[in-house]
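The values are calculated or read from the model by the stated rules, or taken from the named source; none is laboratory data. Remember, predicted model here, so these are calculated numbers, not experimental data. Using ideal geometry, Cβ is built from the backbone for each residue, glycine included, and neighbour counts are taken over all protein chains shown. The accessibility values were calculated without ligands, DNA or RNA, using every heavy atom of the protein model including side chains. Shrake-Rupley method; radii C 1.70, N 1.55, O 1.52, S 1.80 Å.
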Amino acid sequence: ALATSWEGSEDATVWTFNLRDDVPWVQYNTTTGEIDEILDEDGNPRMTNAHDVVYAIKRVCDPNTASDYAWLLYTIDGCAALNEADPEADDFQDLYDAMAVEALDDYTVQFTLEFGAGFFPAVATMTQLFPVYQPVIEEVGDNWVEPGLIVTNGPYVMSEWVHGDHLVLEKSPF
């Protein structure tokens, strides 16, 4: 939903995705019931970009996140090495930096794979590759997924979550 086009190398080891530039980050305001756009430092809507995608994918492969589904991304060069690394190891940051997903510019993301994978565009549709909003994760930690805190970019926002029972989604006007 975020990509406008994508292209694989002849051997299907490098995939480049061109992203939309009109998808804002939004947040449900539990006090007012309004859905607010997240604004950048200049007061403009903060659009989802390639850097958000890179952060999200590296976060899934980072063993500190302990994602149950990191193995789904082992096709990406360096994901398995990062995911299986000791976060306290001296070379951990090098492994993190070496993972082969990069923002070529604000709206272009490129993946280099361990092997040719013509199926990679289908993998890219999986939720594990969805962008997440780094500032709120860094600010509130594990609670970033709670209503009123979670920042999203899809067609819905979460207005209520009763854990183990139900959640309520509202249509985003953006």
Candidate set: region 74-91, residues that are in contact with a Cys (Cβ under 9 Å, 6 or more places away or on another chain) and assigned to a loop (DSSP other than H, G, I, E, B); chosen: the one surrounded by the most Cβ atoms within 10 Å (Cβ to Cβ): Gly78
Filter result for the condition that a residue is surrounded by 15 or more Cβ atoms within 10 Å (Cβ to Cβ), in contact (Cβ under 8 Å) with a residue 60 or more places away in the chain and in a loop (DSSP other than H, G, I, E, B), over Val132, Val60, Val53, Val109: Val132
Test: Asp68 is open to solvent by 20 Å² or more (accessible area, probe 1.4 Å), touching a Phe, Trp or Tyr at 6+ places or on another chain (Cβ under 7 Å) and part of a loop (DSSP other than H, G, I, E, B): no
Residue match in region 110-133 (condition: over 18 Å from Trp6 (Cβ atoms), under 13 Å from the mean Cα position of the chain (by Cα) and of a type in the set (A, V, I, L, M)): yes
Boolean, Thr13 is farther than 27 Å from Gly154 by Cα and modelled with pLDDT of 95 or more: yes
Scope region 135-167; condition under 17 Å from the mean Cα position of the chain (by Cα), in a strand (DSSP E or B) and among the β-branched types (Val, Ile, Thr); matching residues: Val151, Thr152, Val157
Residues satisfying the stated conditions in region 1-24, i.e. of a type in the set (Ser, Thr, Tyr), in a loop (DSSP other than H, G, I, E, B) and in contact (Cβ under 8 Å) with a residue 12 or more places away in the chain: Thr13
